[in-house]
1. Looking at this structure, is residue 36 closer than 28 Å to residue 201 by Cβ, under 20 Å from the mean Cα position of the chain (by Cα) and in contact (Cβ under 8 Å) with a residue 40 or more places away in the chain?
2. Looking at segment 413-452 only, could you name the residues that are touching a helix residue (DSSP H, G or I) at 6+ places or on another chain (Cβ under 6 Å) and farther than 24 Å from residue 392 by Cα?
3. Looking only at segment 1-34, which residues are closer than 23 Å to residue 283 by Cβ, in a helix (DSSP H, G or I) and modelled with pLDDT of 95 or more?
4. Would you confirm, using the coordinates I've provided, whether residue 343 is within 21 Å of residue 218 (Cα to Cα) and in contact (Cβ under 8 Å) with a residue 24 or more places away in the chain?
5. Within the group 219, 171, 190, 205, which residue is more than 27 Å from residue 55 (Cα to Cα), surrounded by 21 or more Cβ atoms within 10 Å (Cβ to Cβ), without any contact (Cβ under 8 Å) to a residue 24 or more places away in the chain and in contact with a helix residue (DSSP H, G or I) (Cβ under 7 Å, 6 or more places away or on another chain)?
6. Criterion first (surrounded by 14 or more Cβ atoms within 10 Å (Cβ to Cβ), under 21 Å from residue 342 (Cα atoms) and at pLDDT below 95) does residue 283 satisfy it?
7. Residues in segment 244-260 that are surrounded by fewer than 16 Cβ atoms within 10 Å (Cβ to Cβ) and part of a helix (DSSP H, G or I): how many?
8. Pick out the one residue from 370, 389 that is crowded, with 18+ Cβ neighbours inside 10 Å and in the same structural domain as residue 454 (by TED's automatic domain parsing).
């Protein structure tokens with residue numbers, strides 16, 4: 001079933017209605033749902049759908065020739081082979097001169113690798129031929145760095161030819177909950193934490209009634225699709241997957257600075273930085289600095305892709321148990337007790353998304369949002385603030401939003417508000433602050449009294465889930 005891409009689908013249809021030449025770039029990390037979106041858009045429309053191959057230029061030309069002929073004669077069982085890509089593109093020009101026609105090149109980076117001149121050839125064809133046709137061209141790719149540099153970037157022959165672009169992001173926690181509407185808020189949050197909001201992984205995890213049982217069947221099993229997924233993706237994308245895997249393992253085990261990661265992997269820090277840059281471009285690793293007053297010395301690295309983070313946290317250290325089939329017997333001791341700890345960072349991300357997309361902030365506008373860490377001179381230790389945001393008050397003045405995220409089974413009390421106020425003096429230096437506290441288990445009567453007095457805004461996990469899912473930018477239902 002097609003979920004949660006209604007706005008993107010609506011935008012693609014708006015471009016389609018123009019009846020003029022369009023060049024739309026669709027990109028995003030693997031498994032995020034690009035092909036599903038394009039298929040939903042192309043349904044019941046005339047289309048040449050060419051999925052590029054990790055193969056030679058001749059193999060790709062043959063596949064393109066077949067795609068063109070399938071569009072022309074769907075029932076045919078043989079097809080003519082065009083002598084060149086130029087010939088194939090000329091035929092597409094002819095077919096789209098007098099009627100609306102969609103031409104999809106899926107996994108465009110594969111084609112560009114096989115035929116280095118294809119971007120220049122497309123640029124020439126767009127400039128001299130397709131501009132006067134009714135062609136709707138879609139270039140789709142999963143290599144984020146390639147699409148941003150070699151398709152959208154200024155150095156690309158295709159620069160300036162696009163008429164629109166869609167970067168597909170993982171689903172939010174509320175959108176993820178739509179796939180399993182029978183689950184509790186806590187179970188829905190866990191599904192989001194495991195899959196990172198990637199539709200393909202949500203479907204493959206296949207949670208029916210129990211997340212624990214789904215993990216046993218569809219991840220902690222050597223025969224399951226998800227078991228080797230991260231390693232397979234690294235092998236597809238990278239030349240040295242083993243070293244990249246070592247770097248991810250080091251981060252999963254707690255290393256966050258380049259020096260720490262390089263030391264654990266026994267490589268030079270400068271070399272480690274290059275590998276980290278590649279992982280950042282793939283959307284797997286996240287580079288982060290404290291919001292405001294950021295310095296390079298405070299830069300930390302984390303696994304930003306939640307599925308990779310879950311896999312590297314729980315699978316490698318338990319491969320013997322999984323291989324022998326004993327993981328089910330000890331799951332309650334070696335995995336389940338550590339899920340709340342894993343979910344702490346996931347819950348922070350959910351709280352950030354709630355503030356960005358779903359909260360009704362009628363009294364102020366959120367200008368920026370992040371985390372902060374730094375030294376507390378009074379306590380002579382480093383402190384961390386889960387939520388730091390700059391906000392624009394109705395008066396026109398700017399102030400700060402300071403918050404904490406508690407994913408634990410005990411209610412959060414007034415001492416947490418006192419702690420935040422102290423942290424605010426360290427961070428904000430006397431500037432006006434608003435306070436927000438998120439808690440999975442709820443709040444004590446004392447803290448609720450502070451909320452009623454207007455001192456702090458409180459939200460439980462159930463509050464964050466809301467009465468129903470909504471798209472980013474829409475009001476909370």
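1. yes
2. 413, 414, 440, 446, 447 - these are the residues of segment 413-452 that are touching a helix residue (DSSP H, G or I) at 6+ places or on another chain (Cβ under 6 Å) and farther than 24 Å from residue 392 by Cα.
3. Across segment 1-34, the qualifying residues are 8, 9, 11, 12, 34.
4. It is true that residue 343 is within 21 Å of residue 218 (Cα to Cα) and in contact (Cβ under 8 Å) with a residue 24 or more places away in the chain.
5. Of the residues listed, the single one that is more than 27 Å from residue 55 (Cα to Cα), surrounded by 21 or more Cβ atoms within 10 Å (Cβ to Cβ), without any contact (Cβ under 8 Å) to a residue 24 or more places away in the chain and in contact with a helix residue (DSSP H, G or I) (Cβ under 7 Å, 6 or more places away or on another chain) is 205.
6. Here the answer is yes, as residue 283 does meet what is asked.
7. 1
8. 389
The values are calculated or read from the model by the stated rules, or taken from the named source; none is laboratory data. Since this is a predicted model, take the numbers as computed values, not measurements. Glycine gets a Cβ as well: all are built from the backbone with ideal geometry, and neighbour counts include every protein chain shown.
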